[in-house]
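Everything below concerns the one structure shown next.
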Amino acid sequence: ENQPVTASDIIRKLEHRGIVASRRSIYDDIEILTEFGLDIIKVEGNKGWYLGVRDFELPEIKLLIDAVKTAIFIPENKSNILINKLENLTCYSEAKELSNHTLLGSEKTNSKYVYYSIDTIHRAISLNHMVSFQYGIWDAKKNYVKKRNSKTYKVSPWCFVMDNNQYYMLAYDDDISGIKHFLVEHIIDAKIIADSK
């Protein structure tokens, strides 16, 4: 709303992309888009238009970026990719407003497996299947050290829990006949066990 575009602006942007448009076609297209439900607001005095309601408002995007930045279970390279995607949900001038306002409180995980583990566990939960995985820790030299003599865990995942900025999977473990929690960033090689329940 702070940077409305005029018909001339739109014509120039289209020409830059190799598309020829007339002022009349711009007005017609905006009318059609409005009829189909796009919240295009016309600025008084024929000073252009702007998009009213977006999927995410700027304060919502700021909150999501802060959550991604401070989530220690998301590796830094994945955080940067997610933040870039979130910044693309708004206009260029607002995107500049989003960067570097949150300091990291803790070091991010080194695990390159987190995304895949989370996806596999989510699918297992929705399919009502068990998962198998290896479980360990990341040492001071950023090497993965498996726990319990490289035991392969087989559990029935139930849900994820965020506690104290840590992301856990809660699961039923037959070995102990009870619920157990696993730090997601310590899970590797997660696989769905088909027809397991």
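The values are calculated or read from the model by the stated rules, or taken from the named source; none is laboratory data. Quantities reported herein were computed from a predicted structural model and do not represent experimental measurements. Cβ atoms come from the backbone with ideal geometry, glycine included; neighbour counts cover every protein chain shown. When the accessible area is computed, the model is the full protein with side chains, heavy atoms only, and any ligands, DNA or RNA have been set aside. Shrake-Rupley method; radii C 1.70, N 1.55, O 1.52, S 1.80 Å.
What to note about this one:
- Only helical runs count toward this figure. For the chain, summing -39,500 (n - 2.57) over DSSP H runs of n ≥ 4 and dividing by all residues gives -10500 deg cm²/dmol at 222 nm.
- Rg/Rh for the range 142-191 (Cα atoms only, Rh after Kirkwood) is 0.96.
- Placing pseudo-labels 7 Å out from each Cα toward the beta carbon at Arg12 and Lys112 gives an inter-label distance of 4.5 nm.
- The Asn46 and Asp66 beta-carbon pair, evaluated with R₀ = 41 Å, returns a calculated FRET efficiency of approximately 0.60.
- Pair Ile179, Lys154: separation of 7 Å Cα→Cβ label points (nm): 2.4 nm
- Estimated Rh, the chain: Kirkwood, alpha-carbon pairs, angstrom: 20.7 Å
- On the beta carbon distance between Asp28 and Glu57, with R0 = 25 Å, the FRET formula returns roughly 0.30.
- For the range 15-72: span of alpha carbons on each principal axis (Å, largest first): 52, 28, 23
- Surface composition of the range 1-94: carbon and sulfur make up 55 percent of the accessible area, probe 1.4 Å.
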